[in-house]
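One structure is given below, encoded as structure tokens.
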Amino acid sequence: MTEESKRAVVASNIIGSKLDNSAKKLFNYKEIIAPILQFTVPEFKGYSVEEIIKMIDADSISDDVPVEDLPQEMIDRGTEMPAFTEKPIRYDKHFIVKNPVLSDENIRVMLHFDYEVQNNYKPSDPSYEIVSRAMYYAARELSSQLGPLKENTNYGQLEKAYSIWVCNTNVPVNLRNTVSIYSMKKEDLIGSSESESDRYYDLMSVIIIRRGKENEHSKEQIFDYLSGVFRGDITKIEMYTDADSDPEIRKEVSEMSGIGELLILEAKHDADIASLQKFVIAGKIESVDEAKNFYPSLEEDDIQEIFNSLHNDTSNQN
């Protein structure tokens with residue numbers, strides 16, 4: 001690796017770290033969290049951002065602050081969830097929201113959220129699928145509500161846990177600008193059983209938000225909103241939520257705009273794509289493997305798409 005490349009990697013890591021920290025601080029605010037819940041979580045479909053903001057327990061966003069009116073076994077334990085035989089895991093953001101579907105004047109049923117900003121969709125060393133890690137985090141969030149298990153443990157106290165992940169870079173071409181939800185569903189294998197309420201088994205869901213370049217889905221509200229958040233575009237953010245009501249929010253948004261890590265990555269990615277296209281058209285790079293050697297930062301899916309596109313153009317001309 002050249003010295004220039006080494007400096008670029010170091011700079012990218014520093015900027016990425018700053019982006020992570022800024023994003024975590026920005027998501028301390030209910031006004032920033034609420035649109036994400038509105039656009040992705042089924043329980044909040046049909047509710048306004050203003051209504052959702054009122055449902056979010058602001059105290060639960062902070063570390064180690066008990067949630068009022070809940071038994072000791074179900075208090076918010078901050079962003080670090082230890083287990084007796086497992087290492088602690090640290091959440092990017094952890095908070096609790098009233099479940100609008102099940103709550104009424106006599107009972108408060110909550111939704112527990114683990115919110116993660118993942119800047120690399122393809123982790124390595126070791127390599128694994130993001131959804132597997134997200135499921136594990138959701139399971140730990142669920143189990144943490146009861147504490148040590150006893151003979152008289154009341155599993156009926158369990159409240160639904162969500163793990164939401166926003167993936168920013170290295171997303172495969174065919175997955176960019178997509179949102180998926182992974183939930184527990186009932187299915188009869190033999191016969192037809194009388195269906196009990198899904199509130200007793202639909203206790204854990206994962207939502208994966210995969211950002212990407214502009215395509216037919218990039219103008220969807222969730223991607224448009226997140227683009228404003230990560231670019232530090234206060235005007236765009238205020239199209240979806242009342243961020244102007246708190247000067248601290250504007251301060252954190254300003255810090256996001258000063259970092260611009262994703263803009264740097266996007267600009268380099270676009271430049272590499274354009275350069276590779278020129279070399280392929282000129283016949284100087286003739287295979288995907290050869291292209292990977294010259295452009296190691298590009299995903300194989302991106303490279304293959306260039307070859308497929310140019311091949312299709314040639315076929316149409318013939």
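Every read-out reported here was derived from the displayed coordinates using simple, explicitly stated rules and does not represent laboratory data. This structure is a prediction, so every number in the text was calculated from the model and none was measured. Every residue, glycine as well, gets a Cβ built from its backbone with ideal geometry; the counts of neighbours run over all protein chains shown.
Between their Cα atoms, which of LYS45/LYS236; LYS24/LYS122; LYS160/LYS251; LYS24/LYS185 are more than 25 Å away from each other?
Check vs 25 Å cut-off fails for LYS160/LYS251; LYS24/LYS185.
Provide the FRET efficiency to the nearest 0.05 for the ASP242-VAL109 pair, computing r from the beta carbons and using R0 = 22 Å.
According to the calculation, E is roughly 0.25.
Could you work out how far apart the two model spin labels at ILE281 and ILE181 are, taking each label as a point 7 Å from the Cα in the direction of the beta carbon, and quote it in nm?
4.4
What is the spin-label model distance, in nm, from ASP188 to ASP301 if the labels are put 7 Å beyond Cα along the C-beta direction?
According to this spin-label approximation, the distance is 3.8 nm.
In whole Hz, what ³J(HN,Hα) sequence does the stretch 177-182 give by Karplus (6.51, -1.76, 1.60; θ = phi - 60°), x for Gly and Pro?
After applying 6.51 cos²θ - 1.76 cosθ + 1.60, I find 6, 10, 10, 10, 10, 10 Hz.
Residue by residue through the stretch 282-296, what is 3J(HN,Hα) from phi via Karplus (6.51 cos²θ - 1.76 cosθ + 1.60, θ = phi - 60°)? Round to whole Hz and write x for glycine and proline.
Karplus-based 3J(HN,Hα) across the stretch 282-296 equals 6, x, 7, 10, 10, 8, 5, 4, 5, 5, 5, 5, 7, 10, x Hz.
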